[in-house]
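Peer 1: Below is one structure. I have some questions about it.
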Amino acid sequence: QADPEAENKDPANQAETTTEEEEKVEDGMWEETFKSHTDSKPNGPSAISLDFSLPGVEHVYGIPEHGDNLKLKTTDSGDPYRLYNLDVFQYELYNPMALYGGVPVMLAHNVQRTTGIFWLNAAETWVDISSNTAGKTVFGKMLDYVQGSSETPQTDVRWISESGIIDVFLMLGPTPRDVFSQYASLTGTQAFPPLASLGYHQCRWNYNDQEDVRSVDAGFDEHDIPYDFIWLDIEHTDGKRYFTWDPHKFASPKEMLQGLLDKKRKMVAIVDPHIKVDTNYKIHNEIRSLGFYVKNKDGADYEGWCWPGSAGYPDFTRPDMRAWWASQFAYDQYEGATENLYTWNDMNEPSVFNGPEVTMHKDAMHGSWEHREVHNLYGLYVHMATAQGLLERSGGTERPFVLTRAFYAGSQRYGAVWTGDNAAEWDHLKISIPMCLSLGLVGISFCGADVGGFFKSPSTELLVRWYQTGAYQPFFRAHAHLDTPRREPWLFGPENTALIREVLRQRYTFLPYWYQLFYHAYHTGEPVMRPLWVEYPQDPATFALDDEFLLGRDLLVHPVTEEGARGVTAYLPGKDEAWFDIHTFQKHNGGQNLYIPVTMSSIPVFQRGGSIIPRKLRVRRSSTCMEHDPYTLYVALNKQRTAEGELYIDDGHTFNYEKKEFIHRRFSFIKNVLSSANLEPDAQFTTKSWVERIIILGASKPSMITLKSADGEENQLEFDFDASMSVLTIRKPGMNAGADWTVTLQ
């Protein structure tokens, strides 16, 4: 409204006060200093913000990556959650500080519905969360109820980004599965990994030379421990020049890789995106001559300090740069590379040792775009270009495997992610669970944490417990810092070797189930490792649980993450469910907190009644060696005495599944008949594997069991029945895993 007094005011005085106020406000808007760094801010203030109110919601999740609980906390009394990809040294836990990746997606859940907010912005972003129920005790909430207080719970979320535009997708659910598919329709689903990458990975900074690699590889065979991948960190290169090998320590990489291939094993070597400034280095010369480096604000090539010393940073936001990078993985370019060598992208936040907060200056330039606008995308583009390189080197036939440290929305399309430089501490073991659960909720299913902790040295108890936890997380890799004592699984005495061997073998028996879960994740966007509330969305007791988790629908895992634990209490969801201990076959009812006594060999895992899980019990030295081995079907009956499950088989490493070259079967047990039916009649694939055993949990004793094959032939089968545990074991049914058949219990 017009101010009638305005005409009478002295305009000179008015201008003076305005200028002073503006100067105060403008401090830091057009230029900002941070320690010894200056940010020129040529576009001035460009921040954007938007508030969202979520009535009826008390539980919000997502916005990884943070070393924090699954349920996000309110931030009224401290810093907001920060999304700004950084190379963080020894990160703090239970803290909203920024880490290596950032996915600006939040999920909200209550008993009525699940919704999601996707804030599409790659600049530095802060997320403030407040709630009208935060801090209220159970007694306080009861008092509200008794007094008839009608205040609806509400969570308010404020998104703030330094730059860019407001571009928001609201995913309205209403179920968790709907939100996953809505988000997948925007950013894609988890890349379907090669089967071998779901096995065990052995890594450290660094395996010293070819002899060291050979001896570690032999150690696994000597101690009868399976593994699929051995990893090489930065010391394998010639002076931190990526795409090269140290001429003394790794003089004949092809010979080393062939030695692994002979045992059906593989290797991963690191390729970081900072390039040594050295005119004798082909990669650097080509990037410079093509003009592909990120520029500083004055237009010269941006240079920073990293592992090689002075380094340039390729501009991965450019499609032509990404295409060039991909071409460097070709076998005639990457000397020493063979088909069983895969890649690890580290330091791709990007890490700049002498930059502000150990990253790139915000006023560096990607063409006409400032780095501040695209910062959180850099790691995704490195990952994309590397995965493309592995794809192209095989002529598009072989599935890539690439691990990345930095990530953004959509990184799931290019491979795996890990939680970065953790520490050998019990709290870091605990936090690996919510960190991976949060990533799964925003589409990134292929997640894991360094087993044993990267920094420091674990006690043997912590190491064993970490192997037991990691064996039931999607990406399973042990890794350790250069300065830590060696910790291959057999270095802690025969008892601990046996404990680690046992849980590694458990991992390998479940590979058919893991593989099927990843096939589903690739098709649907549903997480492989998921919080209990995803499957029990109307049970508030599950909403904040993050010390246990589900793999798919059918396995519930409650790792032991407390030092000196004598027991754990696991919540078994679903009041109508039955849960079977996979080790003892003991049956427990759902809808209860179950106290489980534990020893050092315990990893509490339960199979849901109503499910059928295929496993391979003949564990060999690598997953590829087990390709043609037989299956054992674990049939866990529910209270209605029914069960169903699936089996997915393909060649394990190519894209031929896109041409319908696979087997996808549905198993069902109903009215005492177990049958195998084809879920994809037009798919074509043959397997040499057969079914060698069927174990039915919660069974009654039959008088006779008959197998009827697809051609109508009938045979009686041998069986054992353990009346004390209600476990029926059907021996040597012998049918092909890809065939139609029925087994009838009479």
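Peer 1: Looking only at the range 355-388, which residues have a backbone nitrogen under 19 Å from a spot 7 Å from the Cα of Phe34 in the C-beta direction?
Peer 2: 355-366, 369-380
Peer 1: Okay, moving on. With every protein chain left in place, what is the accessible area of Met171 in Å² (1.4 Å probe, nearest 10)?
Peer 2: The accessible area comes out at roughly 10 Å².
Peer 1: Okay, helix-only estimate at 222 nm for the chain: each DSSP H run of n ≥ 4 adds -39500 (n - 2.57), divide by all residues, round to 500 deg cm²/dmol; what do you get?
Peer 2: Calculated mean residue ellipticity at 222 nm is -6500 deg cm²/dmol.
Peer 1: For the range 41-69 and the range 226-283, compute the distance between their C-alpha centroids and round to whole Å.
Peer 2: First find each Cα centre; the distance between them is then 40 Å.
Peer 1: Also, I was wondering about something else. Using a cut-off of 16 Å between alpha-carbon atoms, which lysines can reach Lys639, once sequence neighbours fewer than 8 places away in the same chain are excluded?
Peer 2: Of all the lysines, those that pass the test against Lys639 - Cα under 16 Å, at least 8 places apart if same chain - are Lys575, Lys587, Lys671.
Peer 1: Here's a follow-up. With only alpha-carbon atoms in the gyration tensor, what are the semi-axes of the equivalent ellipsoid for the range 520-609, in Å, largest first? If you can, show how the numbers build up before the last one.
Peer 2: Details: eigenvalues 93, 43, 36 Å².
Its equivalent ellipsoid spans semi-axes of 22, 15, 13 Å.
Peer 1: Give the separation of the Cα centroids, the range 94-145 to the range 528-566, in Å.
Peer 2: The range 94-145 and the range 528-566 have Cα centres separated by 19 Å.
Peer 1: Taking Cα pairs under 8 Å and at least six residues apart, what relative contact order does the range 506-606 come out at, in percent?
Peer 2: Value for the range 506-606: 21 percent.
Peer 1: In debye to the nearest 20, how big a dipole does the range 30-100 give about its Cα centre with +1 on each Lys and Arg Cβ and -1 on each Asp and Glu Cβ? Write out the running numbers ahead of the final one.
Peer 2: Details: 5 positive and 11 negative charges, 11 e Å.
My answer is approximately 60 debye.
Peer 1: Right, next: For the chain, report the accessible area per residue in Å² (1.4 Å probe, heavy atoms, rounded to an integer).
Peer 2: 40
Peer 1: Relative contact order of the range 629-746: what whole-number percent is it, with Cα pairs under 8 angstrom and at least 6 residues apart?
Peer 2: 29
Peer 1: So for the range 89-227, taking the charge dipole from beta-carbon charges (+1 Lys/Arg, -1 Asp/Glu), which of Gln90, Thr115, Gly199 sits furthest toward the positive end?
Peer 2: Towards the positive end, the residue furthest out is Thr115.
Peer 1: Where does each of Arg621, Arg487, Arg666 land when they are ordered by accessible area, with a 1.4 Å probe and the largest first?
Peer 2: Numbers: Arg621 100, Arg487 20, Arg666 80 Å².
Final ranking, largest accessible area leading: Arg621, Arg666, Arg487.
Peer 1: Got the relative contact order for the chain handy, in percent, Cα pairs under 8 Å and 6 or more residues apart?
Peer 2: Across the chain, relative contact order equals 11 percent.
Peer 1: Probe 1.4 Å, all protein chains in place: accessible area of Lys587 in Å², nearest 10?
Peer 2: Only protein atoms counted, so the area is about 100 Å².
Peer 1: Can you list, by residue number, the Cys in the chain that have no neighbouring cysteine C-beta under 4.7 Å?
Peer 2: Cys203, Cys306, Cys625
Peer 1: So for the pair Arg620, Ile670, with labels modelled 7 Å out along Cα→Cβ, what separation do we get in nm?
Peer 2: Result for the modelled spin labels: 3.7 nm.
Peer 1: Please report how far the C-alpha centroid of the range 680-734 lies from that of the range 287-303, rounded to the nearest whole angstrom.
Peer 2: 65
Peer 1: Choose one of Met725, Ser131, Leu437: the residue whose Cα lies farthest towards the positive end of the charge dipole of the chain (beta-carbon charges +1 Lys, Arg; -1 Asp, Glu; about the Cα centre).
Peer 2: Met725
Peer 1: In debye, nearest 20, what is the charge dipole magnitude of the chain about its Cα centre with +1 on Lys and Arg Cβ and -1 on Asp and Glu Cβ, if you could check? Mind dumping the intermediate values first?
Peer 2: On the way: 68 positive and 102 negative charges, 734 e Å.
Computed about the Cα centre, the dipole is about 3520 debye.
Peer 1: Students often forget the sequence filter, so: which lysines lie under 17 Å Cα-Cα from Lys240 once same-chain residues fewer than 8 apart are removed?
Peer 2: Cα-Cα hits under 17 Å: Lys249, Lys276, Lys282.
Peer 1: Taking the chain as the reference, fit the longest principal axis to its C-alpha atoms, fit the long axis of helix 511-524 to the helix C-alpha atoms, and give the angle between the two in degrees, 0 to 90, nearest 10.
Peer 2: In the chain, helix 511-524 runs at an angle near 50 degrees to the longest axis.
Peer 1: Suppose accessible area is computed on protein heavy atoms with a 1.4 Å probe; arrange His248, His428 from highest to lowest.
Peer 2: In descending accessible area the options line up as His248, His428.
Peer 1: Rank Arg241, Arg530 by accessible area, highest first, at a 1.4 Å probe radius?
Peer 2: Arg241, Arg530
Peer 1: OK, next. Let me make sure I get this right: for the range 42-112, a, b and c are the square roots of the gyration tensor eigenvalues over alpha carbons, sorted descending. Under 1.5 in a/c it's rounded, otherwise prolate if a/b > b/c, else oblate. Which is it?
Peer 2: The shape class here is oblate.
Peer 1: Out of the total accessible area of the chain (probe 1.4 Å, heavy atoms of protein only), what percent is carbon and sulfur? Walk me through the intermediate numbers first.
Peer 2: Values: 14880 of 29560 Å².
Roughly 50 percent, rounded to a whole number.
Peer 1: Another one. Give the angle, between 0 and 90 degrees and rounded to the nearest 10, that separates the Cα long axis of helix 460-470 from the longest principal axis of the Cα atoms of the chain.
Peer 2: 90
Peer 1: Can I ask one more? Let's test this: bin the Cα-Cα distances of the chain at 20 Å from zero up to the farthest pair and state each bin's percent.
Peer 2: 16, 47, 29, 6, 1, 0
Peer 1: Rounded to the nearest 10 degrees, what's the angle between the helix 378-393 long axis and the longest principal axis of the chain, both from Cα atoms, 0 to 90?
Peer 2: 50
Peer 1: When N counts the residues of the range 470-560, how does its alpha-carbon radius of gyration compare numerically with 2.2 N^0.38 Å, as a ratio?
Peer 2: 1.33
Peer 1: Considering the dipole of the range 357-435 built from charges on the beta carbon (Lys and Arg +1, Asp and Glu -1) around the Cα centre, which of Tyr378, Met365, Gly389 is farthest to its positive end?
Peer 2: Gly389
The values are calculated or read from the model by the stated rules, or taken from the named source; none is laboratory data. Computed from a prediction, not measured in an experiment: that's the story for all the values here. Every residue, glycine as well, gets a Cβ built from its backbone with ideal geometry; the counts of neighbours run over all protein chains shown. Side chains are part of the model used for accessible areas, which takes the heavy atoms of the whole protein and leaves out ligands, DNA and RNA. Shrake-Rupley method; radii C 1.70, N 1.55, O 1.52, S 1.80 Å.
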